[in-house]
1. Considering only 106, 32, 81, give the residue with the highest GNM mean-square fluctuation for the chain, with springs between Cα atoms whenever their separation is below 10 Å.
2. Relative contact order for the chain: what percent, with Cα pairs under 8 Å and sequence separation of 6 or more?
3. Return the single residue from 117, 68, 40 with maximal mean-square fluctuation; model: Gaussian network over the chain, springs between Cα atoms under 10 Å.
4. Treating cross-link reach as a plain straight distance, find the aspartates and glutamates whose alpha-carbon is under 12 Å from the alpha-carbon of residue 53, omitting any fewer than eight places away in the same chain.
5. To one decimal place, what Kirkwood hydrodynamic radius in Å is obtained for segment 3-133 from all pairs of distinct Cα atoms?
6. I need 121, 66 ordered by Cβ neighbour count within 10 Å, fewest first.
7. How large is the charge dipole for the chain, taken about the Cα centre, if only the Cβ atoms of Lys, Arg (+1) and Asp, Glu (-1) carry charge, to the nearest 20 debye?
8. So if R0 is 22 Å, what FRET efficiency would residue 140 and residue 71 give, r being the distance between their Cβ atoms, rounded to the nearest 0.05?
Amino acid sequence: MGTSDAEPYLRLVEHDLEALDLITAAARGRTPTVDVSDWQCTLVYYMACIYVKAVGRARGKDLQDHYQLKQWINTTTDLVPITRPYRKLEERSRDARYEGRRFTRPELIETIGWFAQVRDHLVGVLKEEGVEGIPVVDPTRFV
């Protein structure tokens with residue numbers, strides 16, 4: 001595996017941003033507006049997850065599930081800085097998916113802040129691995 005193996009994940013991050021756009025636009029176009037903050041948080045978490053998988057692929061590691069992914073983040077020296085914001089994203093996504101929780105605008109902004117910490121760190125790691133064409137997706141416009 002090598003840096004080109006990360007590309008499918010990097011394209012998937014862009015696809016998830018497009019899905020976030022579609023869901024948000026559809027919800028705003030309804031009368032009354034539909035609250036899709038649960039899916040917004042979930043997609044933001046999955047974009048972070050996919051960035052981690054891209055780093056794994058670039059390093060020859062195929063992360064198959066969330067448990068493996070979290071273990072790898074927690075035990076890989078240059079990934080440890082994202083442990084806390086990644087965990088916060090996962091918790092918020094889990095609350096959305098399994099508890100049906102909806103989120104306020106300030107909570108969505110906080111979620112995107114955690115995502116930005118993870119994204120920015122992982123984009124730097126991917127660049128160090130020699131990966132080119134890394135999308136730096138920004139979900140800020142959806143809140």
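Read-outs: derived from the displayed coordinates by stated rules, not from any lab. Please read these numbers as outputs of a predicted model, since none were measured by experiment. Every residue, glycine as well, gets a Cβ built from its backbone with ideal geometry; the counts of neighbours run over all protein chains shown.
1. 32
2. Across the chain, relative contact order equals 35 percent.
3. Checking each option, the largest mean-square fluctuation is seen for 68.
4. 5, 7, 62, 65
5. Result for segment 3-133 stands at 15.2 Å.
6. Ascending Cβ contact count within 10 Å gives the list 66, 121.
7. It works out to roughly 360 debye.
8. The value I calculate is 0.15.
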